[in-house]
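Heads up, the thing below is written out as structure tokens.
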Amino acid sequence: MTVFSVWAPDAGRVDVEVSGRAQAMSPVGGRPGWWALEADAPAGTDYAFRLDGGDPLADPRSPRQPYGPHGVSRTYDHGAFAWTDDRWTGAPLAGAVIYELHAGTFTPEGTLDAAIGRLDHLVSLGVTVVELMPVAAIPGEHGWGYDGIGLWAVHEPYGGPDALKRFVAACHERGLGVFLDVVYNHVGPGNKLASFGPYFTDVYSTPWGPAVNLDQAWSDEVRSFIVGNALMWLRDYHVDGLRLDAVHAFQDHRAVHLLEELAVAVDGLSAATGRSLVLVAESDLNNPRLVTPRPAGGYGLTGQWSDDFHHTVHALVTGERQGYYGDFGAIAGVAKVLARAYFHDGTWSSFRRRTHGRPVDTLTMPGYRFVVFAQDHDQVGNRAVGDRLPATLAGHPHRDGLLRIAAGLVLTSPFTPMLFMGEEWGADTPWQFFTDHTDPFLARAVSDGRRSEFAAHGWGFAEVPDPQDPATFLRSKLDWSQPSREPHASLLGWHRSLLALRRSRPELADPRLDQVRVAYDEAARWLVVHRGALRVAVNFGDSPVELPFSAPVLVLGSEPTVEVRAESVILPAATFAIVETSSLSSWYRFGRYRLSRVAFLSDLGCWVGKTGERECSL
């Protein structure tokens, strides 16, 4: 027997239609607005709800939508899957290396089962966690996944619920954790949640319309819907963590914020299952409260994305200054985020036209709580033509060197590094904004809106790919022939070497931000980062630079032309090197530079030596 239940507080009558036969449901005592019925409906039975005799509607908590999110629902038995990961204890964020992938474009087939065939590549690369972009049911065949409608069901073209379980099991078998991207700040257009109850409120406006109802009347049930959904992915699909999309868009003014409520519930599930479970927020608030422990007044999330890290690196290597890149692009910005996580930590933001963010306490906040990257789905896909960094830098005389520098900064940082699928071999296939809306009016609005948005920035209408054109989706698939040929193979080798070094040298994964010290020279275009006994040295410039070190030993260089001398290292243009020095207390003397030209960024401070010379324990 199956118990069908649904929350519909405004309905006077609710029926469940099981295999085409309608049966009246009854109100549930002690649960205002809830209706239930027990019926004979084994796994695989189609059903739908009718409110006050209206049209059949999919279950808001439907475990499967075989006909798409607007079709009828289907019962599903989560207990029937034969799991093989009994000894798996989770994938903690500390020490993790994340690989973000989109199931529909990761392989030519675009399914989760096909993605399993590429997991060994990820193991050999050296990543530890696969982060799946949203897999909830969306209209049509393909899309990014952020307009989910069937939030409790796996998108059928990816293979449905069993395929996701097979994927997670295969990852765990190989020692890979799985994080899943989920969206709770809005629900995709065309959803029917408002027919069931006040899931939304017009008290607040959002880019997607009325806000999800997190703090108005009946919001307890809406929050329960969200928390229950999060626990479902973690419990029933054995997912190790969730990436919470754009939490800055939450409109929640209750005493206990939804993020804290989620963290408490997930901690409880972790204790019950004996698995480490992770919550990572995407937020542009630059507010460390999200990842501050609850006893210290925070929300208690495990981690958050740091867009500032991306912006500083991207603007520096590309030279772009448009839009929100306007405040970035200096080596000083890279130095600041490496030591303090945020660039805007209470400073003026010219893009926002106000001060933004607050400082991170580097003495108490571990760096692993910040996920950093040089590329991700948003920063690539939200560009007009979806050009990845290799394509953006096409024609630059030091393109390959700058790609190696970007990778080196991410993978030697004190944070949790993340790669976007294909980045490891310098994929130059685009990753564009694509949709497959089945509603003709919505499809036209999305296509015209996308092109109009970029027309305001000087792009021709025909230059911007049509999101609804199937070719836009197909162009965004990875080309798996690239990793075996140059220049892609060499860049893949560079990523593997960096990740192997990060595993073998604990200094490179050390999350103690108070131990990170950075020296740089804006005019001479170099930067040196102190990582224990190792020094990460970067030359962003077009000319060679010689940097003084105490008895240096080259551990890894981006080019064979990096030259080590008795008391210095010569970095050719656009190169990156990791150098080991003679002792932890090595002193560097930058006497060849005027004092005003060399900047030092450190919470531990630096010391001024003789005139024209500055010394710092870097």
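The values are calculated or read from the model by the stated rules, or taken from the named source; none is laboratory data. Because the structure is a prediction, the values reported are computed rather than measured. A quick note on method: Cβ atoms are made from the backbone with ideal geometry, for glycine too, and the neighbour counts reach across all protein chains shown. Side chains are part of the model used for accessible areas, which takes the heavy atoms of the whole protein and leaves out ligands, DNA and RNA. Shrake-Rupley method; radii C 1.70, N 1.55, O 1.52, S 1.80 Å.
Taking region 575-589 as the range and being open to solvent by less than 70 Å² (accessible area, probe 1.4 Å) and at pLDDT below 50 as the test, the residues that pass are S586, Y588. Screening the candidates V178, V168 for the property of being over 26 Å from P207 (Cα atoms) and not in a strand (DSSP E or B) yields one hit, V168. Condition test on L474, is it open to solvent by less than 30 Å² (accessible area, probe 1.4 Å) and at negative phi? Spelling it out, it is not the case that L474 is open to solvent by less than 30 Å² (accessible area, probe 1.4 Å) and at negative phi.
Yes or no, residue by residue, for (1) buried (at least 21 other Cβ atoms within 10 Å of the Cβ); (2) part of a strand (DSSP E or B):
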{"site": "P198", "(1), (2)": "no, no"}
{"site": "D202", "(1), (2)": "no, yes"}
{"site": "A211", "(1), (2)": "yes, yes"}
{"site": "L214", "(1), (2)": "yes, no"}
{"site": "V222", "(1), (2)": "yes, no"}
{"site": "L234", "(1), (2)": "yes, no"}
{"site": "H238", "(1), (2)": "yes, no"}
{"site": "L242", "(1), (2)": "yes, yes"}
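A search for C-beta distances below 8 Å between a residue of region 555-566 that is under 12 Å from E580 (Cβ atoms) and any residue that is not in a strand (DSSP E or B), counting only pairs 6+ apart in sequence or on different chains, returns V555/L501; V555/R505; L556/S497; L556/L498; L556/L501; V564/P552. So is N286 assigned to a loop (DSSP other than H, G, I, E, B), modelled with pLDDT of 95 or more and of a type outside the set (D, E, K, R) or not? Taking the combined requirement at face value, the residue satisfies it.
Taking residues in region 94-111 that are charged (D, E, K, R), and partners anywhere that are part of a helix (DSSP H, G or I), the pairs with Cβ atoms closer than 8 Å and at least 6 places apart or on different chains are E100/H377.
If the condition is being open to solvent by 20 Å² or more (accessible area, probe 1.4 Å) and outside any loop (DSSP other than H, G, I, E, B), then region 152-165 contributes W152, E156, P157, D162.
Can you tell me how many residues within region 550-566 are modelled with pLDDT of 95 or more and assigned to a loop (DSSP other than H, G, I, E, B)? Residues meeting the conditions: 7.
Let's see how each residue does on (1) in contact with a strand residue (DSSP E or B) (Cβ under 6 Å, 6 or more places away or on another chain); (2) not hydroxyl-bearing (S, T, Y):
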position: K336; (1), (2): no, yes
position: A341; (1), (2): yes, yes
position: S349; (1), (2): yes, no
position: R358; (1), (2): no, yes
position: T364; (1), (2): no, no
position: R369; (1), (2): yes, yes
position: H377; (1), (2): no, yes
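Tell me whether region 39-60 contains one or more residues that are under 20 Å from V168 (Cβ atoms), part of a helix (DSSP H, G or I) and either without any contact (Cβ under 8 Å) to a residue 60 or more places away in the chain or over 38 Å from the mean Cα position of the chain (by Cα) (or both). No - not one qualifying residue is present in region 39-60. Among the residues making up region 214-252, those that are among the β-branched types (V, I, T) and either more than 30 Å from E173 (Cβ to Cβ) or in contact with a Phe, Trp or Tyr (Cβ under 6 Å, 6 or more places away or on another chain) (or both) are V222, I226, V239, V247.
When region 24-47 is examined, which residues are found to be open to solvent by 40 Å² or more (accessible area, probe 1.4 Å) and out of contact with any Gly (no Cβ under 9 Å at 6 or more places or on another chain)? Once the filter is applied, which keeps residues that are open to solvent by 40 Å² or more (accessible area, probe 1.4 Å) and out of contact with any Gly (no Cβ under 9 Å at 6 or more places or on another chain), region 24-47 yields A24, S26, V28, G29, G30, R31, P32, E38, D40, P42, A43, G44.
W494 fulfils the conditions (1) surrounded by fewer than 18 Cβ atoms within 10 Å (Cβ to Cβ); (2) over 28 Å from G140 (Cα atoms); (3) of a type in the set (F, W, Y) except for a single criterion, (1). One residue stands out among those in region 1-23 that are hydroxyl-bearing (S, T, Y) and surrounded by 14 or more Cβ atoms within 10 Å (Cβ to Cβ): the one that is modelled with the highest pLDDT, which is S5.
Taken over region 244-268, the criterion of being of a type in the set (A, V, I, L, M) and either in a helix (DSSP H, G or I) or within 20 Å of Y368 (Cα to Cα) (or both) is satisfied by L244, A246, V247, A249, L258, L259, L262, A263, V264, A265, V266. Residues in region 70-119 that are buried (at least 21 other Cβ atoms within 10 Å of the Cβ) and assigned to a helix (DSSP H, G or I): A103, G104, T105, F106, L112, A115. Within region 152-179, the set of residues being more than 21 Å from A82 (Cβ to Cβ) and under 18 Å from the mean Cα position of the chain (by Cα) comprises F179 only. The condition of being open to solvent by 40 Å² or more (accessible area, probe 1.4 Å), assigned to a helix (DSSP H, G or I) and over 29 Å from A519 (Cα atoms) holds for A271. Under the condition of being open to solvent by 40 Å² or more (accessible area, probe 1.4 Å) and not in a loop (DSSP other than H, G, I, E, B), which residue from region 450-469 is nearest to P139 (Cα to Cα)? Here the answer is R451. Just to be sure before I move on: is F461 farther than 21 Å from T318 by Cα and either aromatic (F, W, Y) or within 21 Å of the chain's Cα centre (by Cα) (or both) in the structure I sent? In short, yes. Remark: pairs (first residue in region 502-516, within 10 Å of S413 (Cα to Cα) and of a type in the set (G, A, S); second residue open to solvent by 60 Å² or more (accessible area, probe 1.4 Å) and modelled with pLDDT under 95; Cβ separation under 9 Å; 6+ apart in sequence or on different chains) are absent. Considering every residue within region 120-142, establish whether at least one is assigned to a loop (DSSP other than H, G, I, E, B) and open to solvent by 40 Å² or more (accessible area, probe 1.4 Å). There is at least one residue in region 120-142 that is assigned to a loop (DSSP other than H, G, I, E, B) and open to solvent by 40 Å² or more (accessible area, probe 1.4 Å). Within region 549-563, the set of residues being open to solvent by less than 60 Å² (accessible area, probe 1.4 Å) and closer than 24 Å to S413 by Cβ comprises F549, S550, P552, V555, L556, G557, S558, V562.
Annotation note: Cβ proximity below 7 Å between a residue of region 175-187 that is closer than 21 Å to F420 by Cβ and open to solvent by 10 Å² or more (accessible area, probe 1.4 Å) and a residue that is hydroxyl-bearing (S, T, Y) and assigned to a loop (DSSP other than H, G, I, E, B) (sequence gap 6+ or interchain) occurs for V183/Y146. Of the numbered criteria (1) part of a loop (DSSP other than H, G, I, E, B); (2) touching a Pro at 6+ places or on another chain (Cβ under 9 Å); (3) open to solvent by 20 Å² or more (accessible area, probe 1.4 Å), the one T435 fails is (3).
Do we find a residue being under 23 Å from the mean Cα position of the chain (by Cα) and over 21 Å from A374 (Cα atoms) anywhere in region 485-500? Within region 485-500 (the criterion being under 23 Å from the mean Cα position of the chain (by Cα) and over 21 Å from A374 (Cα atoms)), the answer is no, since none of the residues qualifies.
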